[in-house]
Amino acid sequence: MKPLHAAHCLLLVAYPLAAQSPGDRQALVAFRDTLYRIGTADSLDVLALPKMIRVADTSRAAFQQLRHGFLMLRHADVTGDFVDLQLAADEFDQLTDQHPDWPYAWFGHGLAELGIVEGQLEFVLDVQRALGKDPLKLAKAAIGHGLKVDSLLAGEVAAMIMTAVRQQHALRLDLSLGVARTTAATPAGRSPAMLLARGMVERAAGSLDSALKALSAYRQLQPDEPLGLLESATALFQAGKFDGVTPWYRGLLLANGASLARYRDDLATLAPPVAAESKAASIESGMRVARS
């Protein structure tokens with residue numbers, strides 16, 4: 001991968017940084033997207049160079065510190081270095097004290113705490129649980145507080161939850177379930193993104209009544225969203241109810257792109273492996289039924 005030059009790095013930090021306004025959040029999201037496109041520690045180290053520049057404006061310095069925290073998180077992803085995670089956690093912890101109304105400071109703190117827990121040995125986590133302690137308590141509390149501070153964080157957290165459900169990662173599922181439940185009554189928890197995410201993670205946890213309740217609320221807000229229809233149908237089927245037939249076929253009729261790929265995956269789990277042409281024919285047949 002071609003490394004970024006210092007001049008590019010300076011452009012990345014040349015944003016108005018008075019507060020976490022919508023523009024500032026967009027700048028931070030763009031910066032994080034840049035980080036996820038970088039796969040080498042050396043290139044990430046180049047991005048860290050502007051951290052050495054003295055910033056007189058305290059709000060700018062704080063926002064630069066916020067970006068540096070996410071840089072440390074990405075550095076830990078690439079290198080597996082526990083020290084990076086601790087540094088990131090310290091950065092975010094300071095920021096939540098200084099700027100408790102910054103949702104991304106809380107979100108970053110939660111992600112750093114999650115990474116620290118993931119780096120611990122399984123038997124250490126088992127001992128903590130045996131003593132009645134939740135290893136993810138800090139991570140759940142931080143991300144949940146971020147959602148309460150700003151409901152616009154809902155989309156980001158919902159994407160994290162949906163990824164955990166797809167990957168079936170035990171710790172991340174535990175984190176996701178805890179966050180979804182503790183924020184269910186908040187404005188963020190009632191947003192379409194979080195309702196769908198909660199329905200998915202509740203279903204993955206086997207809490208079908210809670211999943212159906214969340215998905216029902218989601219469908220009231222987004223009645224024609226294919227993924228919501230598919231998730232509702234799947235939860236109904238798992239609960240032993242055949243009411244899922246109608247939403248399943250309706251979702252198939254409306255599906256396209258990523259949601260259509262989910263339907264293909266769903267069909268693949270219900271039937272033995274078949275040729276790609278047969279799978280396509282099965283979906284086309286299903287869509288004809290849905291239209292009729």
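Read-outs throughout are calculated quantities, based only on the coordinates presented, and are distinct from any laboratory measurement. What you see is a predicted model; the values in this text were computed from it and never measured. We place every Cβ from the backbone using ideal geometry, glycine too, and count neighbours over all the protein chains shown.
The mean sequence distance of close C-alpha pairs (under 8 Å, at least 6 residues apart), as a share of the length of region 116-201, puts its relative contact order at 32 percent. In terms of packing, defined here as the mean over residues of other Cβ atoms within 10 angstrom, the peptides 115-126, 131-142, 188-199, 66-77 line up highest first as 188-199, 66-77, 131-142, 115-126.
Once you sort the root eigenvalues of the Cα gyration tensor of region 124-173 as a ≥ b ≥ c, which label holds: rounded (a/c under 1.5), prolate (a/b larger than b/c) or oblate (the other case)? Here region 124-173 falls in the oblate category. Full extension of the segment from Val124 to Gln222, taken as 0.36 nm per residue of separation minus the current Cα-Cα distance, would add 31.0 nm.
Note that region 191-208 has calculated 3J(HN,Hα) couplings of 6, x, 4, 6, 5, 5, 5, 5, x, 5, 6, 5, 5, 4, 7, x, 8, 5 Hz, one per residue in order, obtained from phi through the Karplus relation 6.51 cos²θ - 1.76 cosθ + 1.60 (θ = phi - 60°); glycine and proline are x.
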